[in-house]
Each structure stands twice: as structure tokens, then as C-alpha cells.
Amino acid sequence: MPGSSGIRGLTGFKGNPGFTGPAGMKGQKGDLGEKGQQGPFGFNGTKGERGFKVLNTEDLFFFHSLLFEYTGGGDMSAHRQTMSAFTAFIQQPYPLENQPIPFLNVISNQQGHYNPLLGIYTAPVNGTYVFSFHLAVANRVLKVGLFRNLFPIVRTTEANNQATASQTVVLHLTMGDQVWLQVKNGVTNGIYTDSESSSTFSGYLLYPDSCELALGRDFVVPPMYQMEDFSWDGPVSTTMAPHEQNPVSQSEPQV
């Protein structure tokens, strides 16, 4: 038969801490908590400095009028009537070679000196003019030139895809002179346009040589060019009018 239970032994000493166990697996991402309450309104910031006024066309003409009269230019009433300006952008990408680029979509052309169907601007008076173009380039190389009376004035090359080609030119023109843009050929005609990109051509009369208006028979009828007259290098003849003797900028590699 089993004997009776013995007396309970004494409690043993506390053992040493065990080693740290391995890290457990990363738990799943918790549910998104509820949106917190809106915080208090912040303090008002300090007042900013006054900005500069952006001058519009009328402001620029006003300051130009003051300068003209201050320097002895005389009455601006006739000078105001010789204003001329335009801006237009292309409707289709990759224009044809050997002809002016038609910038059909007109933004401004109140005096009608720019012909959007031909892409040609005709100077209404003798004076100093400013022309500029900003052309989006995509998928092809672009070689473009600004021409006056069939002769190239400046040329620009842009070989990068998704880039912009730009130039600004100051020219002295005689009444009846014509200015336009033209690409070199059908391989280097990379002007692009879409709903997010615009290619523009602009020009305006900076100031006329005289405040006297050219009316009636005094106006010079511009020449009517044929398609075979247009070329990248200009007419073969080296005979040029005095106001046409401007060197072409050599900013492009020869292709």
C-alpha cells in the first residue's frame, strides 16, 4: 500500500533570466482610424509686399508716347495711327518646305497687316519692327528661318525632342517689306502643336521713321511671289536692296 504524503519542501531560489526569444512575424496593417477633429484656426500672416503692375499694350504705348514727345518726336496723334501688331499660332504640325508657314489661328491682328492664309506680314510704314517666334518641337529636328523679301535673316536649329525654339529680332523695314517664317525641308520641319502645345509667331511696329501717314498712291504695293521663288538660301542673285543687306546668323550646323 502507498505510504502517506511527505512534508512540502522549501521554495527554491529564483533562477536567472532566460535568453531573448526570436522576433515575431510582422502583424497585419491595422484599420484606418476615425477622422480627427478640426484643429483651431491659425493666426493671420503678415501683409505681403506690394507687387509690380504688369504693363499691357496701352501702358507700353503711353510710356513710348511720353518718351517720343520728350525726345522731340512731336505730336503723337499721327504716330498712334501707325500702330501695327499681330500674334498667331499654327493649326497643323510639320509645315511644308519652300513656302511661308501659315499661322492660321490669329490671336491679335487688329490692323490686318498680317495675312494668316499666306503666313506673311507686310510692313505698313518705314520703321523699326520687332519679330519673335516660339515654336514647340517634337519627334523631328527643326531648322527654321525668319525671312524678309525672300532673304533669310536669322536661322535656328533645335535637335532635341520635346523642346522649344525661340528667337527675337529687331528689323528696320521699308513700307511694303514682307516677313515670314520658313522651314528648311520636309525632314527638318519639326514644328509641333496639340491641345497642350502652341507654336506662335508675333511682330509689331516699335516706332515709325516718321509720324506722317502713307496714304493713297504713296503706299508701296508688296510684290506677289510665286511658289518657286521661295527657298532656304534665298534668291540666287546677289543683288540686294540696301535695306536687305543683313548677314544671316550662323547658329546652325550645315545639313
Report task. With r as the distance between the Cβ atoms of Asn185 and Thr128 and R0 = 45 Å, compute the FRET efficiency 1/(1 + (r/R0)^6) and round to 0.05. Result -> 0.90
Query - Hz values of 3J(HN,Hα) by residue in region 157-166 - Karplus curve (6.51, -1.76, 1.60), Gly and Pro given as x - result: 10, 10, 9, 8, 6, 6, 10, 9, 10, 9
Query raised in the report: Taking amide hydrogens as modeled 1.01 Å from N in the peptide plane, which residues meet the under 5 Å criterion relative to Asp177, leaving out close sequence neighbours?
Result: Ala123
Query raised in the report: So how many Å³ per residue does the convex hull of the Cα atoms of region 85-209 work out to?
Result: 86 Å³
Requested in this report: Tell me which residues come under 5 Å, amide H to amide H, from Gln111 once H is placed; ignore anything under 5 positions away on its chain.
Outcome: Ala85
Query raised in the report: What are the ³J(HN,Hα) values, in whole Hz, obtained from phi via the Karplus relation 6.51 cos²θ - 1.76 cosθ + 1.60 with θ = phi - 60°, for each residue of region 97-109 in sequence order, with x given for Gly and Pro?
Result: 7, 6, 6, x, 7, x, 8, 6, 7, 8, 8, 8, 6
Report task. Please list the non-local residues whose amide H lies under 5 Å from the amide H of Leu206, H modeled 1.01 Å from N, same-chain partners needing a gap of 5 or more. Result -> Thr128, Tyr129, Val130
Report task. Please give the peptides 114-120, 136-142, 229-235 ranked by average Cβ packing (other Cβ atoms within 10 Å per residue), highest first, as a rough proxy for protection. Result -> 136-142, 114-120, 229-235
**Report entry** Around Tyr121: net Lys/Arg minus Asp/Glu count, Cβ-Cβ under 14 Å
**Finding:** 0
Query raised in the report: Normalised by the number of residues in region 85-209, what is the relative contact order in percent for Cα pairs under 8 Å and 6+ residues apart?
Result: 38 percent
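Bear in mind that the values in this text are calculations on the coordinates, not laboratory data. Quick caveat: nothing in here was measured; it's all calculated off a predicted structure. Here the Cβ is made from the backbone with ideal geometry for all residues, glycine too, and neighbour counts use every protein chain on show.
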